[in-house]
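Please treat every number below as a calculation from the coordinates, not as lab data. None of these values were measured; they are calculated from a predicted model. Quick reminder, even Gly has a Cβ in these numbers, built from the backbone with ideal geometry, and neighbours come from all protein chains shown.
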Amino acid sequence: MFDSTIEIEKEEKKELYAYQQGDIDAIFERIDNGPERHHLLYQLPTGGGKTVIFSEIVRRYISKHDKKVVVLTHRIELCKQTSKMLKGFGVRNKIINSKVKDLPDQDEYSCFVAMVETLKNRINDEKLILDNIGLVIIDEAHYNSFRKLLNSFANAFILGVTATPLSSNIKLPMNQSYNELIVGDTIGSLIEKGFLARATTYSYDVGLTSLKVGINGDYTVKSSDDLYTNTLMQEKLLHAYTERSLGKKTLIFNNGINTSLYVYETFREAGYAIRHLDNTSSNEERKEILHWFKHTKDAILTSVGILTTGFDEPTVETIILNRATKSLTLYFQMIGRGSRKLPGKDEFTVIDLGNNAARFGLWSEPVNWQHIFKSPEFYLENLRDDAEIEMYFKYTMPPELRAKFSKTEDVTFDVDEEHKLAIKQNLRSKVVLDKSLDQHATMCVYNTETLQEAKLLSKELDDDIECRIKRYAKCLSQCSKNYREWLVEDYKKNLTILIGKKYREKIMNEPDEDDE
């Protein structure tokens, strides 16, 4: 394990790598030779050095053109980081924040860094006029908030920068605002070249059909809180942590504050070092918690939203997605928090408790960004929905339950294979459930001493039964939700009856004591 006490430089190295230099040259080819008022979008994965790249672009642009540059961000932390990076590249710049009401000294600067909302308000108030702007760079361009300022920079070259060229607002696709997309190096390539750490993902199947989708296209906080605060999900999270991340510095992402607070209590009661952070925390609290997280070897930080951008802590060893999301951007942002390399850190762990990898693919898998940029609706419409994902769940009996069936060699049952066999033999599909029932009843009877114990043990098979019925319903092609629910109830009723029958057979077949 790497030394988590290593001090991390606040400012990126200003060395440009070959892939960065190549992208910069491609961007300048468009700046120098593209049509007027060209809007260019540039994609590069989180950790690839987007700020380094556009800082060099600013430096080179100012040296070649007698015009100024505006860099737009959506958070004050990003403003400060960007300003510091630009200074490292020798670019004298000024941050336009809420304290800046006018710019009497604007002639002293060649570059301005501003939050979108702040600059929009200053321009709308007619208190601030930026002269001679030739280039506008928008960081985290997928947020699309910059659209409010386009008319103010009608004659400038617009360069948007993002890790995920998919708009956060499905009604405002990025191809409406940008003429062209340049795609940088892939995550896989950056891993192979040694710039990013390699992720190992562990997915734990979670039933998400209770979740509701809000007007923003993602799962609502309330429905997520309802699911992820229940005892079973808290136990699943704790089990996943102890199984895959025990003793590692861990960052947990949640969808709601209530969920994060539940996580905090669950881990604290289990004796683990954990803190909670959300957007209601004061600046002082945030600084103190992040300092603790940085300098505590096996620290766990449970959070809500606030650490997806503008947060860089390379000592993170595990990312836990304790939430589901329909946002490809958020998926990449969350996992990207663990991808920074350090001496001794070449890989990190991802624990997925929201079926996210099944929905989007693994973090390092290739993505056709050009296709997504040109046809975002087609991409979104063809994402796997939760019902389809859950159809392919493979039930794995938890170790503590498996121990209760220690006398049974094999507790698995392949519904799909059994159904194919039934069709091949011209048998009714129902024989699949009959075989499954026989296995379950036998397991319960021969791993207990009394009929009552057998019936109680069968109640612990609910998850296995649900999974088998889902697979069976899938085999039937057309099967309503009501029919599936009836199948589950009928299965449980028949299981109880069959346990009684098998228990009587067991008693009848046991030798009398007098015969021994």
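Points to keep in mind about this one:
- Dipole moment magnitude, nearest 20 debye, the chain about Cα centre, only Lys, Arg, Asp, Glu C-beta charged: 1740
- Computed from Cα positions, the angle between helix 231-244 and the longest principal axis of the chain comes to roughly 70 degrees.
- What you get for the stretch 73-123, charging only the Cβ of Lys and Arg (+1) and of Asp and Glu (-1), is a dipole of about 180 debye around the Cα centre.
- The charge dipole of the stretch 399-515, taken about the Cα centre with unit charges on the Cβ atoms of Lys, Arg (+1) and Asp, Glu (-1), comes to about 880 debye, rounded to the nearest 20.
- Peptide packing: for 79-88, 477-486, the average count of neighbouring Cβ atoms within 10 Å per residue gives the ranking 79-88, 477-486, highest mean first.
- Virtual spin-label span in nm between E388 and L342, 7 Å along Cα→Cβ: 4.0
- In nm, spacing of pseudo-spin labels at L16 and L238 (7 Å Cα→C-beta vector): 5.3
- Residue list for the stretch 170-189, given a label point 7 angstrom along the Cα-to-Cβ vector of A154 and an amide N cut-off under 20 Å: 176-179
- Computed E for Q439/H291 - FRET, C-beta separation, R0 56 angstrom, nearest 0.05: 0.55
- Multiplying the residue separation of N482 and A26 by 0.36 nm and subtracting their alpha-carbon distance yields 158.5 nm.
- Cut-off 18 Å, label 7 Å out along Cα→Cβ of E117, residues of the stretch 157-185 by amide N: 168-169
- Extension gain, D312 back to Y109 (0.36 nm per residue minus Cα-Cα distance, nm): 70.3 nm
- Separation in nanometres of the label points that stand 7 Å from Cα toward Cβ, at S189 and R147: 3.0
- Trypsin sites (Lys or Arg not before Pro) within the stretch 184-276, DSSP loop, no more than 16 other Cβ atoms inside 10 Å: K193, K212
- Principal-axis tilt of helix 283-295 within the chain, Cα atoms, nearest 10 degrees: 70
- Potential extension, D66-R268 segment - 0.36 nm per residue separation minus Cα distance: 66.9 nm
- Placed amide H near R323: partners under 5 Å, 5+ positions off or other chain: L353, G354
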